[in-house]
Amino acid sequence: MGVPDRLVLIIRDYLSNRSFRYRVEGTRSRPRHVTAGVPQGSALSPLLFSLYINDIPRSPETHLALFADDTAIYYSCRKKALLHRRLQTAATTMGQWFRKWRIDINPTKSTAVLFKRGRPPNTTLSIPLPTRRVNTPAPAIRPITMFDQPIPWAPKVKYLGVTLDSRMTFRPHIKTVRDRAAFILGRLYPMICRRSKMSLRNKVTLYKTCIRPVMTYASVVFAHAARIHLKSFQIIQSRFCRIAVGAPWFVRNVDLHDDLDLESISKYLQSASMRHFDKAARHENPLIVAAGNYIPDPADRMESSRRRPKHVISDPPDPLTVLLGTSSTGHRSRRTCRLR
């Protein structure tokens, strides 16, 4: 790559003769020698890893997605036999490259998913999916193997923190992050409840930094999901507002959001998507520009199976956003303002 020899020697000394320890509750383990890898937490480690895997093989028929050490191979086809053949060829080629450069891969931790519209795909799963039909099932896809070990087919997979299900409804992901946000809300209850001495401004800041990012992480990917699934996020936010203010049951959610200067989750997701696609259109990478360079079809807006991420930009506002837009800031709930 044209790197000077002196710099190569410096990097060699930087990576050689390193050791590590584990610390658990103040107790340290004995030092162990690092046989491979780069130091964790170093600013140079991601660059060195990217240089090391720079020549990873790419099959001409399939696509390869790389982010740090997360690798995904994907291929689009209507024929299951051709789909298996293309993915198996790519997995075999990549497995040979892993062995050549001594990169340890555990095929059992890898997952194969068949994304398909309509009914859930009929694949060979470790846990069979329940079915109501008794007719003869369609031929299942053979398992893809790497290092003579099968890669199991599954109905969903977690990639870069987002759970992708086979029908791309994002229902498992929304449920997972909703439960995580509810857990964090419960742990922070002593700090955000009415008896807490923390100001409302700081409570809202705590919510925006610790709870809302958990629900809206990578929201551009799933913001176009059905609103009935995203409603659980709004329930978490409304619950926070009531806990922070100590409002009784008869105080409306729109008044609480207005007093705390919080926009609805639907409006927040829509604004995040608008900012993302605006930046993508001006990005210097042509692949990013091409990914967001499409015009959504208004006729498919109400069909969840055909909705795409850009549909959320043209969606009408939800009822809470409409009420927040029509409410006057000078006529807030007296009871809520008194509790502030």
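Kirkwood radius, the stretch 145-232, all distinct C-alpha pairs, inverse of mean reciprocal distance: 15.2 Å.
State, as an integer percentage, the relative contact order of the chain based on alpha-carbon contacts under 8 Å between residues 6 or more apart.
On the way: 343 pairs, mean separation 36.8, N = 340.
Taking the mean separation of contacting Cα pairs over the length of the chain, I get 11 percent.
Phi angles across the stretch 93-101 convert, under the Karplus curve 6.51 cos²θ - 1.76 cosθ + 1.60 with θ = phi - 60°, into 3J(HN,Hα) values of 4, 5, x, 5, 5, 4, 5, 5, 9 Hz, Gly and Pro given as x. How fast does the stretch 8-101 diffuse by Stokes-Einstein, in µm²/s, taking the Kirkwood radius from C-alpha pairs at 25 °C and 0.890 mPa s? So the translational diffusion coefficient is about 149 µm²/s.
Given the chain, what whole percent of its Cα pairs are spread farther than 39 Å? Intermediate results must be reported in sequence, preceding the final value.
On the way: 19620 of 57630 pairs.
Here the long-distance tail beyond 39 Å is 34 percent of all Cα pairs in the chain.
Taking max minus min of the alpha-carbon positions on each principal axis, the stretch 259-298 gives extents of 43, 26, 9 Å, largest first.
Residues in the stretch 78-86 carry Karplus couplings, in order, of 8, 9, 5, 5, 5, 4, 5, 5, 5 Hz; the curve used is 6.51 cos²θ - 1.76 cosθ + 1.60 with θ = phi - 60°, and Gly or Pro positions show x.
Which chymotrypsin sites (Phe, Trp or Tyr not before Pro) in the stretch 1-73 pass both tests, a DSSP loop state and at most 15 other beta-carbon atoms within 10 Å? The partial results should precede the final answer.
Working: sites: TYR14, PHE20, TYR22, PHE49, TYR52, PHE67; in loops: TYR22.
Hits after loop and neighbour filter: TYR22.
Note on ARG195 and ARG275: their simple-model spin labels are 3.7 nm apart, each label 7 Å out from Cα toward Cβ.
Please arrange LYS116, LYS80, LYS158 by accessible surface area, largest first, computed with a 1.4 Å probe and ligands excluded.
Of LYS116, LYS80, LYS158, the descending order of accessible area is LYS158, LYS116, LYS80.
Among ASP315, ASP13, ASP259, which one moves the most in a GNM of the chain with springs linking Cα atoms closer than 10 Å? Result: ASP13 has the largest fluctuation of those listed. The spacing between the stretch 49-85 and the stretch 201-238, judged by their C-alpha centroids, is 32 Å. With the chain treated as a Gaussian network of Cα nodes joined by springs under 10 Å, which of ALA182, ALA280, ALA291 yields the largest mean-square fluctuation? Sorting by GNM fluctuation, first place goes to ALA291.
Using a probe radius of 1.4 angstrom, the carbon and sulfur fraction of the accessible surface of the stretch 161-203 is 53%. In sequence order, the stretch 219-235 has phi-based couplings of 5, 4, 6, 10, 5, 7, 5, 4, 5, 5, 7, 6, 4, 5, 5, 5, 5 Hz under the Karplus curve 6.51 cos²θ - 1.76 cosθ + 1.60, θ = phi - 60°, and Gly or Pro positions carry x. Proximity of backbone amide H atoms, modeled 1.01 Å from N, is registered between LEU164 and VAL157, LYS158, TYR159 at under 5 Å, excluding neighbours fewer than 5 places apart on the same chain. The residues of the stretch 221-306 expose, per residue, 56 Å² of accessible area to a 1.4 Å probe.
The values are calculated or read from the model by the stated rules, or taken from the named source; none is laboratory data. As the structure is a computational prediction, the values presented were derived from the model and not from experiment. Cβ atoms come from the backbone with ideal geometry, glycine included; neighbour counts cover every protein chain shown. Calculation scope for accessible area: heavy atoms of the full protein, side chains included, ligands and nucleic acids excluded. Shrake-Rupley method; radii C 1.70, N 1.55, O 1.52, S 1.80 Å.
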